[in-house]
Amino acid sequence: MTYISPPVSLAFDGSGIDGGLYRDVTEEARHAPWLLNDTVSTWSAFGLALFAVLMVMAWWRARRADAPMMARALAVPLVVVAVYGVDMVVKSLVREERPCRSLPGSFTLESCPASGDWSFPSNHSVIAFSAAAALWLVDRRLGAVAALAAVAMAASRVWVGVHYPHDVAAGALLGVALAVPLTLLATRAAPWVERARKGRLRPFLLTSA
């Protein structure tokens with residue numbers, strides 16, 4: 001009779017990197033006031049919408065700027081989508097299990113994602129920091145707001161218990177490292193923007209003031 005061994009999980013366990021710090025943070029969350037936890041949970045779940053608003057504001061303000069800057073503003077959402085695509089490839093290659101699954105008894109404010117919903121790097125962190133980096137190259141004020149929001153988003157993902165600190169740190173590095181060159185590359189689309197400003201798209205690309 002042939003014995004067939006059970007399948008071995010190929011998921012990476014990242015608890016040895018900073019599992020202790022993760023537990024310290026989530027234990028703080030366990031004993032934190034409910035108002036703080038509700039606020040952090042709401043931000044963690046819906047805060048990415050702020051970056052969409054900032055992108056719209058960047059486009060609106062760029063209507064007063066030159067064509068290269070408008071090209072960058074229009075590219076911001078495309079840059080974020082491109083960086084997110086790279087992030088998903090990295091996730092599928094690393095296959096790190098969520099800390100709330102690797103560490104028994106972990107406290108979470110959100111339901112622990114299903115097995116196979118990999119942890120490294122943090123999607124939220126990648127999106128937030130890539131948006132912040134791209135926005136910084138369009139409008140420094142909006143970029144500063146986005147940078148603060150990105151830090152808050154990354155921290156919230158650890159606080160609610162769904163990511164290790166190294167997940168959000170890697171997401172931040174990946175987001176910035178890819179978004180900066182891609183946004184600068186978008187400047188090459190300036191001639192297209194210049195032509196479009198003379199056509200039917202003029203109201204969307206150039207202020208009448």
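The values are calculated or read from the model by the stated rules, or taken from the named source; none is laboratory data. Only a predicted model underlies this, so the values are computations on that prediction, with no experimental measurement involved. Positions of Cβ are backbone-derived with ideal geometry, glycine not excepted, and every protein chain shown enters the neighbour counts. For accessibility, only protein heavy atoms count, side chains too; no ligands or nucleic acids. Shrake-Rupley method; radii C 1.70, N 1.55, O 1.52, S 1.80 Å.
Some values worked out for this structure:
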| item | result |
| --- | --- |
| Residue that is farther than 17 Å from Ala75 by Cβ and not basic (Lys, Arg), where the choices are Val158, Val180 | Val158 |
| Test: residue in the stretch 123-137 that is of a type in the set (Phe, Trp, Tyr), out of contact with any Lys or Arg (no Cβ under 8 Å at 6 or more places or on another chain) and on the phi < 0 side of the Ramachandran plot | yes |
| Where a residue in the stretch 186-209 is without any contact (Cβ under 8 Å) to a residue 40 or more places away in the chain and its partner, wherever it lies, is part of a helix (DSSP H, G or I) and crowded, with 16+ Cβ neighbours inside 10 Å, with Cβ under 7 Å and at least six apart | Ala196/Leu205 |
| Matching residues, the stretch 109-131, being within 23 Å of Asp18 (Cβ to Cβ) and assigned to a helix (DSSP H, G or I) | Asn123, His124, Ser125, Val126, Ile127, Ala128, Phe129, Ser130 |
| Residue in the stretch 117-129 that is β-branched (Val, Ile, Thr), crowded, with 22+ Cβ neighbours inside 10 Å and touching a Ser or Thr at 6+ places or on another chain (Cβ under 9 Å) present | no |
| Filter pass, Ala82 being crowded, with 16+ Cβ neighbours inside 10 Å and either at pLDDT 95 or above or over 30 Å from Asp13 (Cα atoms) (or both) | no |
| Selection within the stretch 139-185 - over 30 Å from Asp24 (Cα atoms) and open to solvent by 20 Å² or more (accessible area, probe 1.4 Å) | Asp139, Arg140, Arg141, Leu178, Val180, Pro181, Leu182, Leu184, Leu185 |
| Filter result for Ala29 (within 27 Å of Asp139 (Cβ to Cβ) and touching a residue at least 24 places away in the same chain (Cβ under 8 Å)) | no |
| Total residues in the stretch 38-73, condition crowded, with 20+ Cβ neighbours inside 10 Å and among the acidic types (Asp, Glu) | 0 |
| Condition met for Glu194 (over 23 Å from Val81 (Cβ atoms), open to solvent by less than 70 Å² (accessible area, probe 1.4 Å) and acidic (Asp, Glu)) | no |
| Ser106 part of a loop (DSSP other than H, G, I, E, B), out of contact with any helix residue (DSSP H, G or I) (no Cβ under 6 Å at 6 or more places or on another chain), in contact (Cβ under 8 Å) with a residue 60 or more places away in the chain and of a type in the set (Gly, Ala, Ser) | no |
